[in-house]
Amino acid sequence: MGNSYSEIRPGLQFLIFTGIFILILIVANIIGAGIILAVYGLKTVTALSNLNTAAPNFINALWILQTAGTTVPIFATPLIFAYLIVRDPQDYIKPNFHFPQILFFLVFAIMFAASPMIEFLSNLNQKMVLPPFLKWMRESEDNADKITETMLNMKSIRDMLGNVLLIGLVPAIVEEFMFRGCLQTIFTRWTKNTHAAIWITAILFSAFHIEFFGFLPRLFLGLLFGYFVAWSGSIWTGVWAHFINNGTAVVVTYFYQKKITKLNPDDQHVFNYTGYLFSFIIILFLLFIFHRIAINKTQTPEY
């Protein structure tokens, strides 16, 4: 149901949303750094800035900074925007479950069928050569990989379950609320074209992670998440897909670390070109079924 708040021009909505996010991001990072300084001292803060993973309390401090400085801003911004600025959470977050539950199964199938395509795009991305003035991107990604490796160092099933929650589920919820919830809705209103909105949001989603050599596979994932949400009308199909992607990576990494499987999660040569082709065909087929079921869903009144 429209109101004067949600009738703010889409371009202005985007500026307001961005401003809220930047403000919360700055404040939250200052608070996070302050907590680390108060609890662990200046040496730990310095260790974080230097990525000294061997320093005492590094991992605990990293989680504090990750939670306070990244997770909280990404989660708080869409909630504040949807509930307090436009006052239309049903349209800007889409938290409803008014869709055929079989779509959850189809999302599951599509995400696993997508593994070869993600590998293909990753390999394609790796072959791209950066100009000299962008070499800093490679260094930035190496640092990000170092942090990820530290966070995914799991010694027990408890560690794995904790990471499935903190790396798998939590980011899936907060990032989908932000990107496929608010931003995709803003761009849909702005462009008046669902496909354009999905692509723009997916590009921003991939760029947001500041990982050039993972841009294409993350763009592809963003497109899948975007169409799931747009066709189902619910954020939870995107969250479920996002969680499958993240959670699977955590579980496979744990199994590999414990030598339960020989499948190295960092191996980008598991499939061949035949596998890539079949993956692409299966994804298109399952997306077609998803779309047909979603648009022909039983007409249930939404409240």
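The values are calculated or read from the model by the stated rules, or taken from the named source; none is laboratory data. Since the structure is predicted, the reported quantities are computational estimates derived from the model, not experimental observations. FYI the Cβ positions are ideal-geometry reconstructions off the backbone, even for glycines, and counts take in every protein chain you see.
Overview of results
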{"read-out": "Residue in region 32-43 that is touching a residue at least 40 places away in the same chain (Cβ under 8 Å) and either in contact with a helix residue (DSSP H, G or I) (Cβ under 9 Å, 6 or more places away or on another chain) or in a helix (DSSP H, G or I) (or both) present", "value": "no"}
{"read-out": "Every residue from region 190-239 that is of a type outside the set (D, E, K, R), in contact with a His (Cβ under 8 Å, 6 or more places away or on another chain) and free of Cβ contacts under 8 Å to residues at least 60 places away in the same chain", "value": "PHE225"}
{"read-out": "Qualifying position, being part of a helix (DSSP H, G or I) and under 14 Å from the mean Cα position of the chain (by Cα), among THR201, THR148", "value": "THR201"}
{"read-out": "Residue, surrounded by the most Cβ atoms within 10 Å (Cβ to Cβ), within region 150-203, restricted to residues that are of a type in the set (Ser, Thr, Tyr) and over 23 Å from LEU219 (Cβ atoms)", "value": "THR150"}
{"read-out": "Complete set of residues in region 91-118 that are among the charged types (D, E, K, R) and crowded, with 20+ Cβ neighbours inside 10 Å", "value": "LYS94"}
{"read-out": "Region 93-124, residues that are aromatic (Phe, Trp, Tyr) and either not in a helix (DSSP H, G or I) or not assigned by TED's automatic domain parsing to the domain that holds PHE212 (or both)", "value": "PHE97, PHE99"}
{"read-out": "Residue match in region 222-230 (condition: surrounded by fewer than 23 Cβ atoms within 10 Å (Cβ to Cβ), under 16 Å from the mean Cα position of the chain (by Cα), among the small types (Gly, Ala, Ser) and not assigned by TED's automatic domain parsing to the domain that holds TRP63)", "value": "no"}
{"read-out": "Test: residue in region 49-63 that is in contact (Cβ under 8 Å) with a residue 24 or more places away in the chain, surrounded by fewer than 19 Cβ atoms within 10 Å (Cβ to Cβ), among the β-branched types (Val, Ile, Thr) and not in a helix (DSSP H, G or I)", "value": "yes"}
{"read-out": "Candidates GLY247, GLY238, GLY222 - the one that is in contact with a Lys or Arg (Cβ under 6 Å, 6 or more places away or on another chain) and either of a type in the set (Ser, Thr, Tyr) or at pLDDT 95 or above (or both)", "value": "GLY238"}
{"read-out": "Cβ-Cβ under 6 Å pairs, at least 6 apart or on other chains, region 145-156 side touching a residue at least 40 places away in the same chain (Cβ under 8 Å), far side of a type in the set (Ser, Thr, Tyr) and assigned to a loop (DSSP other than H, G, I, E, B)", "value": "THR150/THR53"}
{"read-out": "Some residue of region 50-72 being in contact with a Cys (Cβ under 6 Å, 6 or more places away or on another chain) and in the same structural domain as ILE26 (by TED's automatic domain parsing)", "value": "no"}
{"read-out": "Criterion: assigned by TED's automatic domain parsing to the domain that holds LEU124, touching a residue at least 24 places away in the same chain (Cβ under 8 Å) and of a type in the set (S, T, N, Q) - qualifying residue of ASN264, ASN246, ASN272", "value": "ASN246"}
